[in-house]
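Report on the structure given below.
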Amino acid sequence: MLPKVKEYIQKRKQIRTLDAKKNIVEEAASRLKDEIKDRELDKISEVQSQAASERSTVNEHAHDIIAPLIENVERLTLEIADVEQKIKHLKYREKIAGKTVQFDDSKAIAHRYELKPLGLLYEDEFTIIKLFIVGNDRPKNKYTLSMVGNTLLDGLIKVPYDYGCNVDYGNIRRSILSRPTVEELQRYAQNLRHHEISYYADVKEQYLQTVADYTLEDFKAVLEPQHVNEFYAPLLFTIHGLGDTLDYRLYDGFYYRSGSDLQGDPFDYIKVNDILYKRYCRPEQLRITQTGNTMFGDWWSLYITKDSHGELFTRENWDKTLVDTNDYVRERNIDRRTPINFTPPRVEWKGSLPVFEDIKL
């Protein structure tokens, strides 16, 4: 055997042995990494399971607290519904004052369908309803008896409005019955009574009774902001932000803040020294949040707002957040070419905040 051949064989064996040892190490490393991954997945699964259990517990505790609150809200809402309905009726009287209900037969059209008027079904000072037979696209029951009309009380009642009704007119449209012939529907219409508009009679009776017995002046106390003495709505702090300054008062367990015009429900507003304040949130809901852009921008700021996240707004938390955020911005500015612009609002304290604890579930 040539020496070179002998040397070749020996070195090939060495290579084979070394490759095998390398593979053994790689396989051992792979097994060990698999074991680590399995432990990681087990830990993740354990943490996820624990987190799911804790979330479920939080939901259960929250439900136990919320359920009776919802029940009480629903009960109280029913108890005040009569007053709200009366106010709605009285406001509606002002809306329709001077108006007269009308029905223009020339505008009751059915476009490409055959239309046969049958006359008046119902009429009073607020409503006119007439009957029509109108064609349709059905192969068998080719004609439909429809009630069509106008009412001034459409804002108080659930007016029947059938988008399948082929008569294009009025704010009352309802298809009553379809039959193969006009004659069948004519006979049915002769026996039609006012039960077809019974939904209307009750509302009309309630409306007439309300406007006969009351005026909006009777409900003035809930139709305009309540005037409150500043002793009962103390000014606690003023927030000076970019472009606005808002005063916060505490009244009836809520923060009310300045800076709003009267819009919506007057019950959400109070007046103190002739200045209007709008109900904003409970003290427990006012939070300190922060945001900014320091990666692609150069700004950072704090906000005091109603939020489900962030630190509870107290004087202690606000002072601490200012210090911590200033430190954070200062550290980030050390190696920056463009310094971060930190623009927090300024809080001017006017009184002591209510003492309370964040809710625990």
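Readers should treat all values here as calculations from the given coordinates under stated rules, not as data from a laboratory. Nothing here was measured: the structure is a model prediction, and the numbers come from that model. Because the Cβ atoms are built from the backbone with ideal geometry, glycine has one as well, and the counts that use them run over all protein chains shown.
Tabulated data for the structure shown
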| read-out | value |
| --- | --- |
| Check on ASP298, loosely packed, with under 13 Cβ neighbours inside 10 Å, over 19 Å from GLY253 (Cβ atoms) and either of a type in the set (Gly, Ala, Ser) or more than 24 Å from the chain's Cα centre (by Cα) (or both) | no |
| Residue selected from the range 224-271 under the condition β-branched (Val, Ile, Thr) and within 26 Å of PRO345 (Cα to Cα), by the criterion surrounded by the fewest Cβ atoms within 10 Å (Cβ to Cβ) | THR245 |
| Residue within the range 324-343 that is closer than 30 Å to HIS63 by Cα and surrounded by fewer than 13 Cβ atoms within 10 Å (Cβ to Cβ) present | no |
| Some residue of the range 107-124 being out of contact with any Gly (no Cβ under 8 Å at 6 or more places or on another chain), without any contact (Cβ under 8 Å) to a residue 12 or more places away in the chain and among the basic types (Lys, Arg) | yes |
| Enumeration of residues in the range 116-129 that are buried (at least 16 other Cβ atoms within 10 Å of the Cβ) and not in a loop (DSSP other than H, G, I, E, B) | LEU118, LEU121, TYR122, THR127, ILE128, ILE129 |
| Enumerated strands (runs of 3 or more DSSP E) restricted to the range 274-361, each holding at least 2 residues that are over 30 Å from GLY264 (Cβ atoms) and free of Cβ contacts under 8 Å to residues at least 60 places away in the same chain | 286-293, 299-306 |
| Test result for LYS204, closer than 26 Å to ARG93 by Cβ, touching a residue at least 24 places away in the same chain (Cβ under 8 Å) and among the charged types (D, E, K, R) | yes |
| Selection status of ASP64, under 35 Å from the mean Cα position of the chain (by Cα) and either part of a helix (DSSP H, G or I) or without any contact (Cβ under 8 Å) to a residue 40 or more places away in the chain (or both) | yes |
| Pair list, Cβ under 6 Å, 6 or more apart: the range 130-152 residue assigned to a loop (DSSP other than H, G, I, E, B), other residue buried (at least 23 other Cβ atoms within 10 Å of the Cβ) | ASN136/THR144 |
| Some residue of the range 302-310 being in contact with a Phe, Trp or Tyr (Cβ under 7 Å, 6 or more places away or on another chain) and surrounded by 17 or more Cβ atoms within 10 Å (Cβ to Cβ) | yes |
| Residues that are surrounded by 10 or more Cβ atoms within 10 Å (Cβ to Cβ), among the small types (Gly, Ala, Ser) and more than 20 Å from LEU131 (Cα to Cα), drawn from the range 72-112 | ALA81 |
| Strands (runs of 3 or more DSSP E) wholly inside the range 155-266 that include at least 1 residues being basic (Lys, Arg) | 172-179, 245-251, 254-257 |
| Long-range neighbours under 8 Å by Cβ, at least six apart or interchain, first residue without any contact (Cβ under 8 Å) to a residue 40 or more places away in the chain within the range 155-167, second part of a loop (DSSP other than H, G, I, E, B) | VAL159/ASN171; TYR161/ASN171 |
